[in-house]
Amino acid sequence: MLYRVGYPSSFELIRGGRFRDGHLLTLGKLMILIPAHNEAATIERIVTEASDRVDRPVVVIDDNSSDDTADRALAAGAIVLPLALQLGAWGATQAGLRFAARHGWPIAVTLDADGQHEPALIPELIAPIRAGVADVVIGACPSRASVGRRIAWRYFRALTGIALDDITSGFRAYNRPAIERLSCPDASLLDYQDVGVLLILRRQGLRIQEVQVPMQSRGDGRSRIFDSWWTVGRYMIQTSLLCVARIGHGPAHPQPDEPRSPL
C-alpha cells in the first residue's frame, strides 16, 4: 500500500502514537477513519463535526481525488493519507485500518465522507466493543435502502446466512483483532467493504453486532460506488462468486464464548 502522510500544523505525531494540541490523546481510545474520493464539498464539515463531537484523531484517506479533498481535510484538522493510486472504497478503508494497526489503536471507527453518518453516534456504536460483547459493530439503517438494494440484501442474506439488517453500511467500529484481520493481504482482494468483509470476519470467528442508527441523505444525492447499472451488475456478480467460494466454510479459528477485553 503506497501513501504519504500529511499532518495538520496544529498536531504533532510523537513517540508512542499520541497526538498533541495542548493536551495528549492516549492510545487507549479510538481512531476515526474517513475514506474519501472527490468529496471536497463535504469533507471539511465532516471532519469538523467528528473532531468537535468526538475528541479523537480523525484520519482522512484520500483515494487519489482530483479535487482539493485532501487540502480541505488537512485544513479542518485531519490527518491525511493521500493514496498514490485510486483503490476504491474498500482499498481506502483498508489503508486506514492498516494505519490504525501500525500505530497501535485498539478501536477504529469508519465514516463515509458524504455526510450520511452522524459522528455524535460514535459512542453508541462502540458501546458493544467497550462492553466486550462484540468485535465489530455496524451502524444499521435499513430504511435508507431503495427497493433494489433491499432485494440485493435479501439475496445475499439467503446466500451467506449472514443475518444482518444492513450489510452495506460504512458506519462501522472494529476492535483490535478485527483491525488486524482486515489488514491482512487476503482482505486486499476485495472490491467492496460489505459482504466480503463480513465473510472474512465470520470465518475468523469474530462477533458482529448491529446498532440501529439514523442516517442523513447523501450530500450529492447519489452513490459514489453504485453509480451505474453496470457497476451494480458487476458488484452482484463479483460478490456472488465470493460468497460461493467461501460458503460452507466455518471459522478458521473458533473463539471462546466468554467476553473478550475490548483492548
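We did not get these values from a lab; they are worked out from the coordinates using the rules stated. Given the structure is predicted, the values throughout are model-derived calculations rather than measurements. Don't worry about glycine lacking a Cβ; one is built from the backbone with ideal geometry, like all the others, and counts go over all protein chains shown.
Can you tell me the order of 208-214, 164-170, 113-119, 130-136 when each peptide is scored by its average per-residue count of other Cβ atoms within 10 angstrom, highest first?
113-119, 164-170, 130-136, 208-214
Rg to Rh for the stretch 151-211: what is it, with Cα atoms only and Rh by Kirkwood?
0.93
Starting from the Cα gyration tensor of the stretch 37-155, multiply each eigenvalue by 5, take the square root, and state the resulting semi-axes largest first in whole Å.
23, 20, 15
Two decimals, Cα atoms only, Kirkwood Rh: what is Rg/Rh over the stretch 70-123?
Dividing the radius of gyration by the Kirkwood radius yields 0.95.
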